[in-house]
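Shown next, in structure tokens, is the structure this report addresses.
The values are calculated or read from the model by the stated rules, or taken from the named source; none is laboratory data. Keep in mind the model is a prediction, meaning the values are calculated, not measured. As a convention, Cβ positions derive from the backbone with ideal geometry for all residues, glycine included, and neighbour counts pool all protein chains shown. To get the accessible areas, we keep the full protein, side chains included, count just its heavy atoms, and leave off ligands, DNA and RNA. Shrake-Rupley method; radii C 1.70, N 1.55, O 1.52, S 1.80 Å.
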Amino acid sequence: MRQTRYRWTLYVAGGLLLAAAPYVAVDQALNLHIERQARGKLEAVAASTLGMIENRLDQAATTLVDLAAANVDSCNDAALAAMRRAVFTSVPLKELSLIGSDGRTICTHIGAEPEERTLSREINLSSRIAISVARFRDRNERAVQLRLDRVGKPSLAALIPSDTLLPEAGPDEANGGRRIRVVLEGGNMIASRPVSEEGASFEGGSIAVQRRSERFPILVDAERGRATIADEYHDLLLMGRLAAILITALGLGLAWLWIERDHNDPVAELKQAIANGEIVPFYQPLIDLRTGRIHGAEVLARWRRPDGTLVPPIRFIPIAEDSGLIYELTRVLMRRARDEMSALYGERPNVKLGFNLFAGHFVDGKIVEDVKEIFGGSPIAFSQIVLEVTERSPLADLTEARHIIAQLQELGAKVGIDDVGTGHGGLSYLLKLGVDLIKIDKMFVDALGTERYSQTIIETLVELARNMKMEVVAEGVETFEQVEYLRVKGITVAQGYIFAPPLPGGSYSALIEAAERPQPKAPDESVPFSQVG
Ligand code: C2E
Ligand code: CA
Ligand code: CA
């Protein structure tokens, strides 16, 4: 339970991180891209505006030079006609005038009233031409004035109104999202769209670019609100975010698979558990019915998960057997039992330690090597080792099994048939395998009081075992009546909940220590490792 919660916390935290990362990354990349695009466009607008302004000023200057060359220097009809023609043919030009040496307008091309026009200080473009900001038509409209100075003659001035110096209004200006300003160096405004400061609102910030002319003292400022940029790239952003969400979902799915991988693969999970030392031995005491003393214990595997829960063998032993992990599992269990029991068993050489083997252990001699390697030279003698082979699954090759059993017995170990009466063996296993003991299955022990045939079977097995010099162990003993019956029938050893369930190492050790005094080693009981083939 604790582990599941921990796992879920991990999922959620990891999920959020995984979910946020691509979303933030795509969003940032998109915003960067959009910002760069928008800035590029704005720079293009500023550059083309400036190009257009330079073009118009060039045209106006050329017109002035042409008029000067044509000696337009008074307000007579011919001069006015020439000036009108020039205004008519030159698009940006809206007014031409002659200005006296005192700076006052002498006449305009339409012969209008002299009027004070200049708003800003003049800046010299060359020795003859000066530029300034001038008023046009009324006080609010502005224009650029170019003035051509002539020695001893009135100067010629051309007015280019501000609206011809701006690019056509885009949709952004209409909704206040963009502002373009043309400024004379020194700060005088020439043209602005929108005209008023309030016309453009840049809530949410803006990006701005500036261009300076290399030939005229003129600057173009362009500024664009981020809100309208976001509007323009709305679809792109939406697509990007959708893509990010898709990537995120994909990432989460993969992460889920990755985390769940081991949980969905019981073999991988078990393999990991074996490597992590999560498979531990429990010990179920076997009681000598004649003396009431502890005969030994059967080692039963348990999977202790990191959160402390115990998984029973029925849930993982079949997986281990099918996958071949059982060999490593058996070795791990034997080593661990050896390490836990060495001290106590070394001092009590008559106490037995039983292990469960499966059919696969009897196809090659590897198990003999394992037993030698694990218990050889350890305080636990081979004579204390009991190896059980179950009748439940069939042995592939009885001759080979017989051979391996003989090798184990040569070491000094005892071999027994487990679950007798339940499986494939029938009597043939008892007759052919040459084992030292048989374990009568719980099924027959349970049936003792109720079914006659069960008594008969047990009596027959005991008789057979006695003739073949095999020990008989009864399994799954739960009542005093069963104990009494088995004892009377001559069964010497029993195992069951009436005595003790499978115990963790610590409890079993305490039990042994309390019940069994250390014994001196009987000289014929153990075979020194040096004598082992
Ligand atoms: P098994 O070898 O027949 O082991 C005896 C089973 O009966 C054990 O179940 C034990 O806890 C249970 N038992 C003992 N006394 C009583 C009782 O009085 N009443 C009842 N109802 N049950 C009792 P456990 O520990 O669940 O093991 C089940 C089986 O898993 C074992 O049956 C054995 O076949 C297999 N197993 C356990 N450990 C290993 C192992 O290390 N290797 C292999 N190959 N198989 C193992
Ligand atoms: Ca067993
Ligand atoms: Ca059994």
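Brief remarks on what is shown
- Taking all Cα pairs closer than 8 Å and separated by 6 or more residues, the relative contact order of the chain comes to 11 percent.
- For trypsin sites (Lys or Arg not before Pro), the sites in segment 177-237 that DSSP calls loop and that have at most 15 other Cβ atoms within 10 Å are R215.
- Rounded if a/c under 1.5, otherwise prolate or oblate - segment 32-101, Cα gyration tensor axes: prolate
- Each Lys and Arg adds +1 at its Cβ and each Asp and Glu adds -1 at its Cβ; summed about the Cα centre, segment 278-515 shows a dipole of about 360 debye.
- For the chain: rounded, prolate or oblate by the Cα gyration tensor [a/c cutoff 1.5]: prolate
- When the solvent-accessible area of segment 470-519 is split by element, carbon and sulfur atoms take up 57 percent of it, the probe being 1.4 Å.
- Restricting the GluC sites (Glu not before Pro) of segment 214-291 to loop positions (DSSP other than H, G, I, E, B) with no more than 12 neighbouring Cβ atoms within 10 Å leaves E214.
- Rolling a 1.4 angstrom probe over the protein heavy atoms with all chains in place gives the chain an accessible area of 51 Å² per residue.
- Take every Cα pair under 8 Å whose residues are at least 6 apart in sequence, average their separation, divide by the length of segment 40-226, and the relative contact order is 22 percent.
- For the chain, a simple Cβ point-charge model (Lys and Arg +1, Asp and Glu -1, everything else neutral) yields a dipole of about 1380 debye relative to the Cα centre.
- Sequence-separation-based contact order of segment 242-355, relative, with Cα cut under 8 Å and 6+ spacing, percent: 25 percent
- 4 °C / 1.567 mPa s Stokes-Einstein diffusion coefficient of segment 266-413, Kirkwood radius on C-alpha pairs, µm²/s: 81 µm²/s
- Reachable lysines from K432, criterion Cα separation under 23 angstrom, eight or more residues apart if same chain: K366, K414, K469
- Full extension of the chain between R517 and E141 gives 123.5 nm of extra length, using 0.36 nm per residue less the Cα-Cα distance.
- Charge tally around G505: other residues with Cβ under 14 Å, Lys/Arg +1 each, Asp/Glu -1 each, net +1.
- Spin-label proximity, A69 to segment 127-157 - amide N less than 17 Å from point 7 Å beyond Cα toward beta carbon: 128-129, 148-150, 156
- For L387, the residues whose modelled amide H falls within less than 5 Å of its own, excluding neighbours fewer than 5 places apart on the same chain, are F355, K414, V415, G416.
- A simple spin-label model places the labels of A47 and T118 3.6 nm from each other, with each point 7 Å out along Cα-to-Cβ.
- Counting only Cβ charges, +1 for Lys and Arg and -1 for Asp and Glu, the dipole size of segment 375-533 around its Cα centre is about 260 debye.
- Nearest-10 value in Å² for the accessible area of M334, using the 1.4 Å probe: 0 Å²
- GluC sites (Glu not before Pro) within segment 312-356: DSSP coil, no more than 15 neighbouring Cβ in 10 Å: none
- Candidates T492, L357, T450 compared by Cα position along the dipole of segment 278-515: farthest toward the positive end lies T492, with charges placed on Cβ.
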